[in-house]
Amino acid sequence: MKKLYLQLYLTVVASLVVFAIAAGWLWRVLVEVAPPPHAYELASEIAQGALPPADAPREAQQAALEKLSARGRVNIALFAPDGTRIAHVGPELPPPGAGGHRHAYPWHRGRLWTLELPDGRRLAARPPRHGRPAFAPLGLVVVFGFLAAAVAVGAYPVVRRATRRLERLKTGVDALGAGDLAARVKVEGKDEVAALAASFNRSAERIEGLVSAHKSLLANASHELRSPLARIRMAVEMLGRDARSELRSGLERDIAELDALVDEILLASRLDALAALDRREDVDLLALAAEECARVEAALDGEAVSVRGDARLLRRLVRNLLENARRHGGGTPIEVAVKHRAEGGALLLVCDRGPGVPEAERERIFEPFHRLAGAREREGGVGLGLALVRQIARKHGGEASCRAREGGGSCFEVLLPG
């Protein structure tokens, strides 16, 4: 993963390095640093030694100047103390100003250097330009300004790209906070911003799923509660006129169904809100299954397997699977098996020889309040039992699934870690 702070840091460092190299090159090319004063004195002594005396004929001084110019390949001129030109090589140079200047002339079609010889004469020299542009100091400032602008322009797209993604992420968070549960942001890049966007999308998807599940739960619960309540209301109205035992039994059955429905709704809601199990302990799954199998006279086979989890929730898982097999197995024997898994943990199997579950419905039956066609006419059941089975299995780090049983029927598998 590319680190965002490294991208920004390396961009800034690279920009500064480029700027420093360019500025150093420009300084070297465009700015000459004047040598120290003693260098001028030494150069004056050397130049006077190379030239004939001041009273020598002009032809001798011209010849010496040409010889001196040929060595250094410079334009050069020799002036008397009063500024009169004695000799020169190349284009005519302006006479040095009075006062013994020992520094570079101001920019004037190239740099002009002057030396005052010990005998009062002055030597002016200008190196060949070689096509080098002559910039004024203000021009140098303008060049550096352009370089700074180039650095700013180069860094802008990188920084803007990162901040633009953050702005889109903020827009997505605002939309989610405003109630748009379908709000998502585009994942771009492989840095922290991209990871944050992916995390936001996962969170938004989870929130949308939870809210949809709760809405569905409440909507179906309200519908499912009406049926037993309506029957109870009618039975109560009839109880005063006809207190038959069948009526009382039906009333008790409806009340028990209503009580079980409320209990399952509460448990489903609690599991949805539960981030992790409240308690974990070693549970003998075979012993627990044996107790529940005895209630419905189911056949049990297997070996002792210990799993870590909530014993009360695991008991509810086994009970719901057995109740589902009893309710939809068509009165066929229920077979339960507990096995060790090769990779650790336990495998719980609850099988029946009923009509089975169509392949297209084997995932949907684990949704709250989903029942197979015709199941509403069967006795009992509100469609929450298998949903609770999967919820409990996943809270324990496992999974629940349904598959067809060879020879007919269904087999429910629950995988639980050790």
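A346 falls short on exactly one of the conditions (1) within 28 Å of L217 (Cβ to Cβ); (2) buried (at least 18 other Cβ atoms within 10 Å of the Cβ), and that condition is (1). Can you pull out every residue in segment 1-26 that is at pLDDT below 70 and surrounded by 14 or more Cβ atoms within 10 Å (Cβ to Cβ)? Matches in segment 1-26: L4 only. Out of R233, R270, R295, R226, one residue alone is modelled with pLDDT of 85 or more and in a helix (DSSP H, G or I). It is R295. Evaluate segment 141-164: report whether one residue or more is modelled with pLDDT under 60 and at negative phi. No; the residues of segment 141-164 include none that is modelled with pLDDT under 60 and at negative phi. In segment 345-361, the condition of being in a helix (DSSP H, G or I), outside the structural domain of L267 (by TED's automatic domain parsing), of a type in the set (A, V, I, L, M, F, W, C) and under 41 Å from the mean Cα position of the chain (by Cα) is met by at least one residue.
Among the residues of segment 321-343, the ones that are of a type in the set (S, T, N, Q) and buried (at least 22 other Cβ atoms within 10 Å of the Cβ) come to 1 in all.
The values are calculated or read from the model by the stated rules, or taken from the named source; none is laboratory data. Note that the structure is a prediction, hence the values are computed from the model and not measured. Quick reminder, even Gly has a Cβ in these numbers, built from the backbone with ideal geometry, and neighbours come from all protein chains shown.
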